[in-house]
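The values are calculated or read from the model by the stated rules, or taken from the named source; none is laboratory data. All figures in this text were calculated on a predicted structure; none of them were measured in a lab. So basically every Cβ, Gly included, is an ideal-geometry build from the backbone, and we count neighbours across all protein chains shown. For accessibility, only protein heavy atoms count, side chains too; no ligands or nucleic acids. Shrake-Rupley method; radii C 1.70, N 1.55, O 1.52, S 1.80 Å.
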Amino acid sequence: MTPSRREVLLTGLGGIAGAATGALGLRSARAADPFGVGFVYVGPISNAGWTYQHNLGRLAVEKAFGNRVKTNYVESVPEGADAERVIRQLSATNGLIFTTSFGYMEPTLKVARQFPNIRYEHCTGYKMAKNVGIYNARFYEGRYIAGVVSGAMSKTGVLGHVAPFPIPEVAQGINALILGARSVNPKIKIKLVWTSSWFDPGKEKEAADALIGQGCDVLSNHTDSTAVVQAAEEKGVWCTGYDSDMSQFAPKMCLTSVTEDWSDYYVKRVQAAMDGSWTPDNVWGGFKSGMIKMTPYNKAVPEHAVNDAEAKIAAIAQGSFSPFQGPINDQFGAQKVASGAKLTDDQILSMNWLAEGVEGKLG
């Protein structure tokens, strides 16, 4: 389990904080009431980033179902005991609950055992149960494209990446980024700085400044705030955004952003829960499903790089190309993927190594 986040902020719950006990069958017993859908967020909603994108999905649910659905959310929930408490509280008045961070996996499973009639969906996890499904986006697909663009724009041949925790999801992104960049410039490198936090603007800015000081001329991040792109804008260094469209925070220097769109997924799963067809599922969407999208490219990106990026997006969506297609060596020179082969989903999901060209340790 990853380290704690900010203090829990109980928001939009209509007094649910004191209602941890109560009728498990409240919704079914009062058929006239709207169907309750709960969301647990790891950071503040803010105006961009990971939690912001999930909240857009929640708002899409409200728009799609109107007064037939009532959504509730809690933001800035630490991953640990606080998460378990919040999920349990939400379970008292909601029929479906989405928990949206990796460290919520065990708390979600524990609470789900206590509320077998409530449906739960955990984002970025890998454990399921009779009433717990999992869902995720193929972030690495977008990272590869960000790498293609970054490789085309770098003059120093050194990219900088601000990373939170050494988990497979983060390793996937780092490796896809360097592989995309090396498809353009085989000698390019990536330097890493770890923050040990999903959301800490101060640490993220310090990390970005340190990378710029080391000669990195294109920055990226897997953290949740806008600090890295803002630092790049201030210093006149190129950057690629993550989670949301970051161009509003770095209008001159943001090359493109890797974004997630959870709206269609949330609407479909809420509908299934309401009509009785919901079953636990394992969903991993990317370019093909529209769960991963790239924002418009900066005008400074040359046409040939845009064409290259768009061709790769089409090939990934069609299944004719994989970002993790061999030959691929790790940072110590050992072959991880042979020429002509590609990693399976299981291998990608358990990734615990860094690719050739990455400077830094995984953990």
To the nearest 10 square angstrom, how much accessible area does residue 292 have with a 1.4 angstrom probe? 0
Based on DSSP, what percent of beta bridges with both residues in region 22-151 are antiparallel, to the nearest 5? 5
Of every Cα-Cα pair in region 280-324, the percentage lying beyond 16 Å is 47
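Length gain on complete extension for the stretch residue 282 to residue 321, per 0.36 nm per residue less the alpha carbon to alpha carbon distance? Don't skip to the answer; put the middle values down first.
Numbers: separation 39, 0.36 × 39 = 14.04 nm, distance 2.25 nm.
Extra length from residue 282 to residue 321 when fully extended: 11.8 nm.
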In debye, nearest 20, what is the charge dipole magnitude of region 36-99 about its Cα centre with +1 on Lys and Arg Cβ and -1 on Asp and Glu Cβ, if you could check? 300
Rounded to 10°, Cα long-axis angle of helix 201-213 versus longest principal axis of the chain: 10
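State the extension gain, in nm to one decimal, for the chain segment bounded by residue 33 and residue 359, taking 0.36 nm per residue of separation less the distance between their alpha-carbons.
Values: separation 326, 0.36 × 326 = 117.36 nm, distance 5.53 nm.
Length gained between residue 33 and residue 359: 111.8 nm.
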Whole percent per 10 Å bin, from 0 to the bin with the longest distance: what is P(r) over all C-alpha pairs of region 150-237? 19, 52, 28, 1
Region 159-223: which trypsin sites (Lys or Arg not before Pro) are DSSP loop and have at most 15 other beta-carbon atoms within 10 angstrom? 187
In Å², nearest 10: area of residue 199 left accessible to a 1.4 Å probe: 40
When only alpha-carbon atoms count, how far does region 118-269 stretch along each of its three principal axes, as whole angstroms with the largest first? 52, 32, 26
Compute the Rg to Rh ratio over region 131-180 from the alpha carbon atoms, using the Kirkwood formula for Rh, and round to two decimal places. 1.10
As a test of the definition: which semi-axes, in Å, follow for the chain when you take the square root of five times each eigenvalue of its alpha carbon gyration tensor? Largest first, please. 37, 21, 19
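Please state the charge dipole magnitude for region 112-206, taken about the Cα centre, from unit charges on C-beta atoms (+1 on K and R, -1 on D and E), reported in debye and rounded to the nearest 20. Don't skip to the end; give the middle numbers.
Working: 13 positive and 6 negative charges, 43 e Å.
Around 200 debye, computed over region 112-206.
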Rounded to 5, the percent of DSSP beta bridges in the chain classed as antiparallel: 20
For the chain, modelled as a GNM with alpha-carbon contacts under 10 angstrom, which of 221, 117, 175 fluctuates the most? 117
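If you take the C-alpha gyration tensor of region 307-363, multiply each eigenvalue by 5 and take the square root, what semi-axes do you get, largest first, in whole Å?
Details: eigenvalues 100, 35, 27 Å².
Semi-axes from the Cα gyration tensor: 22, 13, 12 Å.
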Can you give the Rg and Dmax of region 90-129 based on its C-alpha atoms, in angstrom? 9.2, 26
Charges on Cβ only, +1 for Lys and Arg, -1 for Asp and Glu, centred on the Cα centroid of region 268-363; of 300, 320, 347, which one is farthest towards the dipole's positive end? 300
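For an R0 of 35 angstrom, estimate the FRET efficiency from the Cβ-Cβ distance between residue 117 and residue 47 and round to the nearest 0.05. Kindly include the intermediate steps, with their values, before the conclusion.
Values: r = 37 Å, r/R0 = 1.04.
Here the calculated transfer efficiency is 0.45.
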Pairing the Cα long axis of helix 168-182 with the longest principal axis of the chain, what angle in degrees results, from 0 to 90 and rounded to the nearest 10? 30
For the pairs 252/293; 70/293; 187/336; 252/361; 70/288; 299/361, flag any whose C-alpha to C-alpha distance is greater than 25 Å. 70/293; 252/361; 70/288; 299/361
Compare 274, 246, 294 in a GNM of the chain, Cα atoms joined below 10 Å, and give the one with the largest fluctuation. 274
For region 93-187, count all C-alpha to C-alpha pairs, find those more than 17 Å apart, and express that count as a whole percent of the total. 58
With every protein chain in place, the accessible area of residue 58 for a 1.4 Å probe, in Å² rounded to the nearest 10, comes to 20
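Taking the Cα centre of the chain as the origin, how large is its charge dipole in debye, to the nearest 20, when only Lys and Arg (+1) and Asp and Glu (-1) carry charge on their Cβ atoms? All intermediate terms of the calculation are to be shown ahead of the outcome.
Working: 35 positive and 34 negative charges, 111 e Å.
Dipole size: approximately 540 debye.
Using a ≥ b ≥ c from the Cα gyration tensor of region 235-338 (square roots of the eigenvalues), is it rounded, prolate or oblate, where a/c under 1.5 gives rounded and otherwise the larger of a/b and b/c decides, a/b for prolate? Write out the running numbers ahead of the final one.
On the way: a/c = 2.22, a/b = 1.30, b/c = 1.70.
Verdict is oblate for region 235-338.
Send over the semi-axes of region 57-99's equivalent ellipsoid, whole angstrom and largest first, taken as the square roots of 5 times the C-alpha gyration tensor eigenvalues. All intermediate terms of the calculation are to be shown ahead of the outcome.
Values: eigenvalues 101, 27, 8 Å².
One finds semi-axes of 22, 12, 6 Å for region 57-99.
Sorting 68, 138 by accessible area (1.4 Å probe), largest first, what list results? Could you put the intermediate results ahead of the total?
Working: 68 120, 138 40 Å².
Reading off the accessible areas and sorting them downward yields 68, 138.
What is the antiparallel percent of DSSP beta bridges lying wholly in region 191-349, to the nearest 5?
Details: 6 of 12 bridges.
In region 191-349, DSSP labels about 50 percent of beta bridges as antiparallel.
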Among 311, 265, 117 the positive-end extreme of the charge dipole of the chain (Cβ point charges): 117
When 1/r is averaged over all different Cα pairs and the result inverted, which Kirkwood radius in Å belongs to region 180-219? 11.4
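What does the accessible area per residue of the chain come to in Å², with a 1.4 Å probe and no ligands, DNA or RNA counted? All intermediate terms of the calculation are to be shown ahead of the outcome.
Details: 14590 Å² over 363 residues.
About 40 Å² of surface per residue is accessible.
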So what's the back-of-envelope 222 nm ellipticity for the chain, counting only DSSP H runs of four-plus at -39500 (n - 2.57) apiece and dividing by all residues, rounded to 500? -10500 deg cm²/dmol
Please report the net charge: other residues with Cβ closer than 15 Å to the Cβ of residue 301, K and R +1, D and E -1. 0
